[in-house]
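Some notes on the structure that comes next.
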């Protein structure tokens, strides 16, 4: 592997492209990437209306038709095409996951990095605030926030982002604590480079690997959280398709139309398994202790 | 003064103070969220009729509910109420929220205990098996299973399982009215079985990962090598030296998961109609009973902090290294 490791377990050189490439060479990484690509294609179809049918179009003459050449995943009780709805639901999950992880990632990492680098009272205040947010079970906090705000995909994203912000802050803080006393960081401040500039020039670039793992895992969590919120009726509002909402709708008639439960369920699982495999592959590439033989 | 200083240096005392500070923050946040909510207690209890109230009536009602006072004063009077057991009243049913919570809490606790037992029964042996030959088929296989358990949403498993059992075998114990453990133990355990199994499987994954990782880490420790070198028999080495130490992080992760279950069981409680504390929050939300939501969320968060503190205490008790510090 290209990145050499210092005694503190901190990669001495930025493992940016290297770690990603190495992770994608592992079997878990390959499978994860393939599953991710399948999901991405379906989600793109859902986003740009390239699905075989309009996901919201009802056709009572075609209600509860099983999977066939015409309707690959069958139809629901309103005669809507389940495949088109799964695509559109995946697009919805992906959009919320990317936006919520984007918000929580950028803010959380910034807060965590500053807290770790400056230490002292900044660190203590951030510590107390993250502890407070951690005190609420994550799904419950997302639920409470989503229920408080008006229902839309944006507010769902904000609710999920609030839950994951402290996680990012904590994950970003730990490596900074180790990195801020590494020789090249000390040297950088010693030759007169401002501290903030040193932070972003020498400390942050060395954390991308760890943060990338966290981003992958958070994407999968936020997909699960959005699905759970929609299942409970506090997520993406109908008539927009959401995978969790589709599972909820299928509940009562799954005996007659098992495909209504199976395909949206499978879509969630494929999406999350793909991301978790990618995250796992990345983690074992970056962490020599986790038994990187896989 | 020196006594105070040494007290502060004591990491345990600091941990307790930290928990107290967290609880203060939790109460402020819970209070603030209620203030952000659209409408106030008046619109909550009078609905659209609140619009028909005259300014005088409105002012006297505002005085009655204490919402004409400054926010800080409102916070302290609310906190004072909460600390003396006044969690508010559900406006529609006129039920005391404290009573509701005390009824719902034991049910959720029972579910959480059962789920943790399922998770330990699956996760610990699985982790030991995987660690017994790292990198072998059994290791990769069980890691794959744990990844799947993490990736499949509990509501999907619960929905699929319960509708399959109901459709195929006509077995649906949760269709009946919920029975507490004391009233009808046989029915209660049937009603708890599927929910505990579903939650237990999803929590087994982190327990498995922790067990595996900590066994692998401890096997390479110097004292294990020393014990092996001085001729401790393998069975005794595994049991007394590896397992006992490896299970310490498992205690911590179980505690964390237990705390998570107090509020995280909301989806499962909803699917299986279990009148626990998570479902109480959810019902409060759908019925716009904000006092119920606020107080219940507060209770859950406080319990979560206390469970984590307790986990820390237990950890210090079982880990000789932490005790020595």
Which residue out of A:224, A:277 is closer than 30 Å to residue B:219 by Cβ, at pLDDT 85 or above, within 10 Å of chain B (Cβ to nearest Cβ) and within 26 Å of the chain's Cα centre (by Cα)? A:277
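Could you say which residue among A:9, A:46, A:29, A:74 is crowded, with 20+ Cβ neighbours inside 10 Å, at pLDDT below 90 and over 25 Å from residue A:220 (Cβ atoms)?
None of the other options fit; the residue is A:74.
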Is it true that residue A:211 is crowded, with 24+ Cβ neighbours inside 10 Å and within 21 Å of residue A:22 (Cβ to Cβ)? no
Among the residues listed as A:105, A:116, the single one being crowded, with 24+ Cβ neighbours inside 10 Å and either touching a residue at least 40 places away in the same chain (Cβ under 8 Å) or within 14 Å of chain B (Cβ to nearest Cβ) (or both): A:116
Name the residue that is surrounded by the most Cβ atoms within 10 Å (Cβ to Cβ), counting only residues in region B:266-283 that are outside any helix (DSSP H, G or I) and within 13 Å of chain A (Cβ to nearest Cβ). B:276
Quick check, is residue B:293 at pLDDT below 85 and either away from chain A (no Cβ under 12 Å) or buried (at least 24 other Cβ atoms within 10 Å of the Cβ) (or both)? yes
Mind checking which helices (runs of 4 or more DSSP H) fall wholly inside region B:185-265 and carry at least 1 residues that are crowded, with 20+ Cβ neighbours inside 10 Å? B:185-219, B:244-264
Within region B:70-156, helices (runs of 4 or more DSSP H) holding 2 or more residues that are at pLDDT below 90, away from chain A (no Cβ under 14 Å) and surrounded by fewer than 16 Cβ atoms within 10 Å (Cβ to Cβ): B:71-83
When the residues of region B:297-325 are narrowed to those that are at pLDDT 85 or above and more than 9 Å from chain A (Cβ to nearest Cβ), which ends up surrounded by the most Cβ atoms within 10 Å (Cβ to Cβ)? B:299
Given region A:120-221, what helices (runs of 4 or more DSSP H) lie entirely inside it while holding 1 or more residues that are away from chain B (no Cβ under 14 Å)? A:120-134, A:153-179, A:183-190, A:195-198
Hey, could you check region A:60-71 for residues that are in a helix (DSSP H, G or I) and out of contact with any strand residue (DSSP E or B) (no Cβ under 6 Å at 6 or more places or on another chain) and say which is surrounded by the most Cβ atoms within 10 Å (Cβ to Cβ)? A:60
Could you grab me the full set of residues in region A:233-251 that are within 8 Å of another protein chain (Cβ to nearest Cβ) and at pLDDT below 90? A:233, A:234, A:250, A:251
Looking at (1) at the interface with chain B (Cβ under 9 Å from one of its Cβ atoms); (2) at pLDDT 90 or above; (3) closer than 21 Å to residue A:79 by Cβ, which one does residue A:269 not meet, given that it meets all the others? (3)
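The values are calculated or read from the model by the stated rules, or taken from the named source; none is laboratory data. Remember, it's a predicted structure, so these values are computed and weren't measured experimentally. Please note: Cβ atoms are built from the backbone with ideal geometry, for glycine as well, and neighbour counts cover all protein chains shown.
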